[in-house]
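Read the structure below first, then the notes.
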Amino acid sequence: MVDRRNAGVRAGAVRARTGGRSGGRPTLEEVAARAGVGRGTVSRVINGSPRVSDETRAAVEAAVAELGYVPNRAARALAANRTDAIALVVPEPEARFFAEPYFSDIVRGVGAALADTDMQLLLTFAGSDRKRRRLAEYLAAGRVDGVLLVSVHADDPLPDLLEQLAIPAVISGRRSADEPLAAVDSDNTEGARAAVTHLLSRGRRTIATITGRLDVYGAQCRLDGYRDALATAGVAADEQLIAPADFTEEGGRRAMRALLDRRPALDAVFAASDVMAAGARQVLRESGRRIPDDVALVGFDDSAVARHMDPALTSVRQPIEDMGRTMAGLLLQEIADRSGPQRPRIVLPTELVVRDSS
């Protein structure tokens, strides 16, 4: 039971030891004196320990409110061997990060998940060997509590480095079906399958696809979905209708030109991102082809790019902001769980949004 009978006397004694400070920042000792408990008990309450009775917790919380005590985050983090910082690592050039809506949506979701925590978010680019080396040194020095990785390529060494350093990490977009890290992804295969099935239902039969970089597992899955939909419909896959690109608008333009050169009679295109679809649309228009009359066009992401295109782009919606929010939530759990990472794999559903382009 909390003894508050002599709390005022104790608080006065503490103020005397601290130079009679009454207008300065309240200390942990003053909170303890006001609540009639020990300093360690106050610390346990502030840090959310369950090893405190409800009565004691209420007394400490009342003292905190009365004194206006604000915990010293830096001291708490140091005592807990924490930095209160998370790194969002993007192993891509800065230009791609700022050009593609995908990344801003991920950041928005991560930010929403961290809004009510004390965690700071550090955005780090690692698109070159030099930047990866610098990042490795930074991480090895224990500057962050955990890492969020997005847009990771199959040969990227960063996930393996995080495992070696035993740093909690969550990846968006697995490197393979056997990804060892905790991962959050959208259902890329099913999303692509739905897009191509939709085109088939509209009577299209010569359906091309513009893929992302095939060293990205998500791009491989979208290509698999394209092939699966054709096979289910009994339509033979034509390798000349498959054009690899790199998720950029210029990549979409180059791939579309190659497809028209090889198969000028194509009547539909599934692009593995809205940004690449925008590049494809430009080339189709330059070639005199009408969308959707001559060539139907479908993208992937359902970003602002899709909604603002003319005609508006049919696209596969992946819940990108939810992915960012889920990633951050998993990472916070992993940081808090001292018994070791659980490494779950979460796949969020996609949805086809039909617009005028198909």
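The figures follow:
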| quantity | calculated |
| --- | --- |
| Close pairs (9 angstrom Cβ cut-off, 6 or more residues apart or separate chains): at pLDDT below 95 in region 103-128, of a type in the set (Lys, Arg) and part of a loop (DSSP other than H, G, I, E, B) anywhere | Leu122/Arg143 |
| Count - residues of region 189-211 that are open to solvent by less than 10 Å² (accessible area, probe 1.4 Å) and in a helix (DSSP H, G or I) | 5 |
| Any chance Glu163 is touching a Pro at 6+ places or on another chain (Cβ under 8 Å) and assigned to a helix (DSSP H, G or I) | yes |
| Members of region 93-110 found to be surrounded by 20 or more Cβ atoms within 10 Å (Cβ to Cβ) and of a type in the set (D, E, K, R), listed by number | Glu100, Asp105 |
| Qualifying residue in region 262-274 (condition: in a helix (DSSP H, G or I), open to solvent by 20 Å² or more (accessible area, probe 1.4 Å) and closer than 21 Å to Gly191 by Cα) | no |
| Residues that are at pLDDT 80 or above and outside any helix (DSSP H, G or I), drawn from region 34-50 | Gly36, Val37, Gly38 |
| Evaluation of Asp356 against (1) in contact with a Pro (Cβ under 7 Å, 6 or more places away or on another chain); (2) over 19 Å from Val196 (Cβ atoms); (3) open to solvent by 40 Å² or more (accessible area, probe 1.4 Å) (one fails), failing number | (2) |
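The values are calculated or read from the model by the stated rules, or taken from the named source; none is laboratory data. All figures in this text were calculated on a predicted structure; none of them were measured in a lab. As a convention, Cβ positions derive from the backbone with ideal geometry for all residues, glycine included, and neighbour counts pool all protein chains shown. SASA here: full protein model, heavy atoms, side chains in, ligands and nucleic acids out. Shrake-Rupley method; radii C 1.70, N 1.55, O 1.52, S 1.80 Å.
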